[in-house]
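Undergrad: Before we start, here is the structure in question, set down as structure tokens.
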Amino acid sequence: MILTWIYWAITAFMIILVLRSLYREKSLREQIVAAMVLVPLLLRVLMIK
Amino acid sequence: MFEKRYLASKLTGTLLVAFAIVLAAISGHSYMKMRNPDPGIDRVVPAEGFEHRLLSDWFPALKGTPGDADIYVQEGEEPGGTMLLLGGTHANEPAGFMAAVVMLETAQVKRGRLIIAPFANPMARTHTFPQDAHPQTFGFETTNGTKRTFRFGARITDPVNEWPNPDIYIHPASGQTMAGIERSNLNRAHPGRADGGPTERLAFGYMELIKQEKVDMAIDMHEAAPEYPVVDALVAHENAMELAAMVSMELEFEGVPIRLEPSPKNLRGLNHREWGDNADVLALLMETCNASHGRFRGKTDEALVLTGEDKAYEKSLGLGRLFVPLESYDKRIDERVARHVITAKVLADNLEYVRDGKGITIEGLPSYQDLSEQGLGAFLSE
């Protein structure tokens with residue numbers, strides 16, 4: 001259970017970092033890549049998949 | 001053109017985040033459908049005489065957990081032996097659990113006792129395996145036109161229930177090492193551990209059931225890829241080999257040839273090994289041939305699950321690369337289920353010859369020909 005919460009915290013932290021990169025990014029292509037990375041992270045932070 | 005810096009802005013960022021949220025919502029909804037299926041999906045209608053119980057009745061630690069499997073028990077008027085029948089140990093092997101469902105909905109036990117676990121690992125039914133592109137459900141039309149729909153799950157317990165798996169799984173009872181993912185595979189977890197992971201606890205529950213109910217014969221119904229050598233096969237622990245040999249001969253006479261395989265002594269964690277080693281039970285496992293399970297397959301959809309028709313497998317068969325005889329290559333789910341049902345029936349019929357006074361008589365089951373020709377829908381309740 002502790003491991004699950006550590007995993008959740010890492011995932012949430014990753015989402016924050018990806019969002020930060022996405023908004024700071026100057027290239028649209030890199031923004032699209034960041035958005036694609038967000039999808040599985042969102043599913044994981046919500047404990048869906 | 002995407003490299004042009006002016007294209008990226010806070011607005012495009014916000015739009016893309018919104019798009020990612022929408023995608024996550026759509027796929028999340030799809031995943032959750034497997035965990036919380038619509039009413040009617042996986043519905044079973046037990047034949048008269050079955051009593052519904054839960055595996056926690058034999059191993060109370062499972063109570064209230066996702067691994068607390070449904071168990072159905074029917075006792076005949078005459079005393080006799082006890083037969084345990086498992087389907088859905090691997091939830092991506094549909095003929096295994098559909099055979100259990102057909103038997104649950106049609107069996108009338110006259111002598112002895114029949115215990116059925118149609119969905120032996122409920123935790124494997126809530127997801128499909130990543131990158132396998134399996135359909136989430138498949139269905140059959142009954143004689144009055146209603147549709148019976150069942151989930152197509154995965155080989156292993158849902159990571160939501162059991163996570164993370166180690167790099168290497170050490171089978172607790174033997175010390176044998178396996179790939180880490182096998183920790184979540186019910187048919188590598190036997191005889192299980194009372195204080196192990198969810199799949200090991202589930203395996204322990206079945207072991208307790210076998211011991212407490214003094215089960216005489218335990219059968220697990222599986223499917224395997226057509227390129228796998230153990231298809232259309234009956235795998236038997238050495239204590240069940242005499243019975244299995246009799247049954248394979250009888251099936252040959254019935255026109256249902258079946259390969260007879262000994263349970264390897266050095267391959268641990270499988271039920272046909274561990275049940276037989278740890279209890280006074282004749283342990284057997286059956287395999288049919290499932291193209292939707294194989295690695296050569298092309299388009300993977302409901303039709304493939306139901307018909308087994310795949311051009312890569314047709315070609316492999318023509319080249320003699322499969323372990324199924326060309327003349328008996330009929331891999332519709334109706335035939336695969338019929339094969340399981342007739343094998344279970346013949347095993348029950350012959351049990352008395354190896355266990356005096358422990359005969360089991362089951363009536364009402366559809367014959368191999370009827371099931372194969374009329375299809376499953378004709379024998380499922382409405």
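Laboratory data are not the source of any read-out in this text; all were calculated from the coordinates shown. Please read all numbers here as calculations on a predicted model, not as lab measurements. Glycine gets a Cβ as well: all are built from the backbone with ideal geometry, and neighbour counts include every protein chain shown.
Undergrad: Out of B:LEU54, B:LEU85, B:LEU7, B:LEU15, I need the residue that is away from chain A (no Cβ under 14 Å) and surrounded by fewer than 21 Cβ atoms within 10 Å (Cβ to Cβ). Which one?
TA: None of the others qualify; the one that does is B:LEU54.
Undergrad: Tell me, which strands (runs of 3 or more DSSP E) wholly within segment B:1-116 include 1 or more residues that are in contact (Cβ under 8 Å) with a residue 24 or more places away in the chain and hydrophobic (A, V, I, L, M, F, W, C)?
TA: Numbers: elements: B:51-54, B:70-75, B:78-87.
Of the strands (runs of 3 or more DSSP E) lying wholly inside segment B:1-116, those with at least 1 residues that are in contact (Cβ under 8 Å) with a residue 24 or more places away in the chain and hydrophobic (A, V, I, L, M, F, W, C) span B:70-75, B:78-87.
Undergrad: When you go through (1) crowded, with 16+ Cβ neighbours inside 10 Å; (2) out of contact with any helix residue (DSSP H, G or I) (no Cβ under 8 Å at 6 or more places or on another chain); (3) more than 11 Å from every other protein chain (Cβ to nearest Cβ); (4) not small (Gly, Ala, Ser) one by one for B:GLU48, which number turns out not to apply?
TA: (1)
Undergrad: Filter segment B:208-233 down to the residues that are in contact with a Gly (Cβ under 7 Å, 6 or more places away or on another chain) and not in a strand (DSSP E or B), then identify the one that is farthest from B:THR157 (Cα to Cα).
TA: B:ASP216
Undergrad: Looking at (1) facing chain A (nearest Cβ under 8 Å); (2) within 30 Å of B:GLY364 (Cα to Cα), which is the one condition that is false for B:GLY28?
TA: (2)
Undergrad: Has segment B:325-336 got at least one residue that is under 20 Å from the mean Cα position of the chain (by Cα) and hydrophobic (A, V, I, L, M, F, W, C)? Walk me through it before giving the result.
TA: Step one: filter segment B:325-336 for residues under 20 Å from the mean Cα position of the chain (by Cα), giving B:330-336.
Then drop every residue that is not hydrophobic (A, V, I, L, M, F, W, C), which leaves B:333.
Yes, segment B:325-336 has at least one match.
Undergrad: Of the conditions (1) more than 27 Å from A:ILE6 (Cβ to Cβ); (2) in contact with a His (Cβ under 7 Å, 6 or more places away or on another chain), B:ALA154 clears all except one; give me its number.
TA: Failed condition: (1).
Undergrad: Separate question: Quick check: is even one residue across segment B:199-221 more than 20 Å from the chain's Cα centre (by Cα) and basic (Lys, Arg)?
TA: Yes, segment B:199-221 contains at least one residue that is more than 20 Å from the chain's Cα centre (by Cα) and basic (Lys, Arg).
Undergrad: Right, something else. Of these, A:ALA12, A:ALA34, which one is more than 10 Å from every other protein chain (Cβ to nearest Cβ), in contact with a Leu (Cβ under 9 Å, 6 or more places away or on another chain) and not in a loop (DSSP other than H, G, I, E, B)?
TA: A:ALA12
Undergrad: Mind checking which residues of segment A:15-31 are within 8 Å of another protein chain (Cβ to nearest Cβ) and in a helix (DSSP H, G or I)?
TA: A:LEU19, A:LEU22, A:TYR23, A:LEU28, A:ARG29, A:GLU30, A:GLN31
Undergrad: For a quick check of your reading of the model, give me the residue pairs whose first member lies in segment B:136-149 and is without any contact (Cβ under 8 Å) to a residue 60 or more places away in the chain, whose second is assigned to a strand (DSSP E or B), with beta-carbon atoms closer than 8 Å and at least 6 apart or on different chains.
TA: The qualifying pairs are B:LYS147/B:GLY139; B:LYS147/B:PHE140; B:LYS147/B:GLU141.
Undergrad: Only one of B:GLY175, B:GLY205, B:GLY196, B:GLY192 is of a type outside the set (A, V, I, L, M) and in a helix (DSSP H, G or I). Can you tell me which?
TA: Answer to the check: B:GLY205.
Undergrad: Here's something else I'd like to know. Residue by residue through segment B:133-164, note down the ones that are surrounded by 14 or more Cβ atoms within 10 Å (Cβ to Cβ) and within 14 Å of chain A (Cβ to nearest Cβ).
TA: Those that are surrounded by 14 or more Cβ atoms within 10 Å (Cβ to Cβ) and within 14 Å of chain A (Cβ to nearest Cβ): B:GLN136, B:ALA154, B:ASP158, B:PRO159, B:VAL160, B:ASN161, B:GLU162, B:TRP163.
Undergrad: Residues of segment B:234-279 being over 25 Å from B:GLY205 (Cα atoms), in a loop (DSSP other than H, G, I, E, B) and hydrophobic (A, V, I, L, M, F, W, C), which ones?
TA: B:VAL256, B:ILE258
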